[in-house]
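The values are calculated or read from the model by the stated rules, or taken from the named source; none is laboratory data. Predicted model only: the values in this text are computed from it and were never measured. Note that we place each Cβ from the backbone using ideal geometry, even for glycine, and neighbour counts take in every protein chain shown. These accessible areas exclude ligands, DNA and RNA; they are computed on the full protein's heavy atoms, side chains included. Shrake-Rupley method; radii C 1.70, N 1.55, O 1.52, S 1.80 Å.
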Amino acid sequence: MIEQRSTPVSPFAREFLLRPNRSMSARGLAVFFTGLATVAGVVSMVSAGQGNWFAPAFAAAELAVVGLCLRLAWRRSGRCERIALSDAAVLVEREPGATRFDPYWVRVERRAGTWPGEAHLVLTSHGRVVEIGAFLAENEREALERELKRALAALKAPGEAHTDTERR
């Protein structure tokens, strides 16, 4: 998901917030896991009643592993990238830290991935490369690439970009 905002610093400054699409809310995830645990508990108790005494222990271990995996996937889907463009800098902020680029030298590039048809969107300048939007779908990466190129062009030539936006 891509959110765009104009910043009050300059009419050409832009901010992009990139977030993965979450398919379920936290409450929905809790309801799903509760249903899963209920079904696993009933099946393991029926199995234990038929003589398989290890079924409840196996079900508990399985639910612990599945719960941990769901929790990790949920936390991972909550990450966010912020790309702020201004006359002074292009700033890419994410969980471990931030990377700063000069807006007049930064380039938006698409690089081939390891799999056929896979592409990575990167910002590059003076030998530094930062991948952006790795968790976005391909069509969202294409839209982000177009919007970033348009916003950077507006920063580099504000007079021309301003007349272009007035025509719309």
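Give the carbon-plus-sulfur fraction of the accessible surface of the chain in %, rounded to a whole number; probe 1.4 Å, heavy atoms of protein chains only.
60 percent
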Original post:
Can you give the direction-averaged projected area of the convex hull of the alpha-carbon atoms in region 74-135, in nm²?
Top reply: 5.1 nm²
**OP:** Evaluate the distance, in nm, between pseudo-label points positioned 7 Å from the Cα of VAL42 and of LEU68 along their respective Cα→Cβ axes.
**Re:** 2.8 nm
Original post:
For the chain, which longest stretch is free of loop sites, where a loop site is one of the chymotrypsin sites (Phe, Trp or Tyr not before Pro) that DSSP puts outside H, G, I, E and B and that has at most 12 other Cβ atoms within 10 Å?
Top reply: 106-168
Original post:
Is it possible to state the helix-based mean residue ellipticity at 222 nm for the chain, with each DSSP H run of 4+ residues giving -39500 (n - 2.57), the sum divided by total residues, to the nearest 500 deg cm²/dmol? What is it?
Top reply: -15000 deg cm²/dmol
**OP:** Please give the contour-minus-distance gain from ASN139 to ALA88: 0.36 nm per residue of separation, less the Cα-Cα distance, rounded to one decimal in nm.
**Re:** 15.4 nm
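What share of the DSSP beta bridges in region 1-116 is antiparallel, in percent to the nearest 5?
Working: 19 of 19 bridges.
About 100 percent, rounded to the nearest 5.
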**OP:** Among (i) 10, 26, 18, 12, 11, 9, 7, 5, 2, 0; (ii) 9, 28, 24, 15, 12, 8, 4, 1, 0; (iii) 9, 29, 26, 22, 12, 3, 0, find the value of P(r) over Cα pairs in 10 Å bins from 0, in percent that was calculated from the structure presented, and write down its label.
**Re:** (ii)
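Sorting THR114, THR99, THR124, THR38 by accessible area (1.4 Å probe), largest first, what list results?
Solvent-accessible surface, decreasing: THR114, THR38, THR99, THR124.
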Original post:
What dipole magnitude, in Debye to the nearest 20, does region 20-168 give about its Cα centre under +1 on Lys/Arg Cβ and -1 on Asp/Glu Cβ?
Top reply: 180 debye
**OP:** Using 0.36 nm per residue of separation minus the Cα-Cα distance, give me the extension gain between ALA112 and LEU17 in nm, one decimal.
**Re:** 31.8 nm
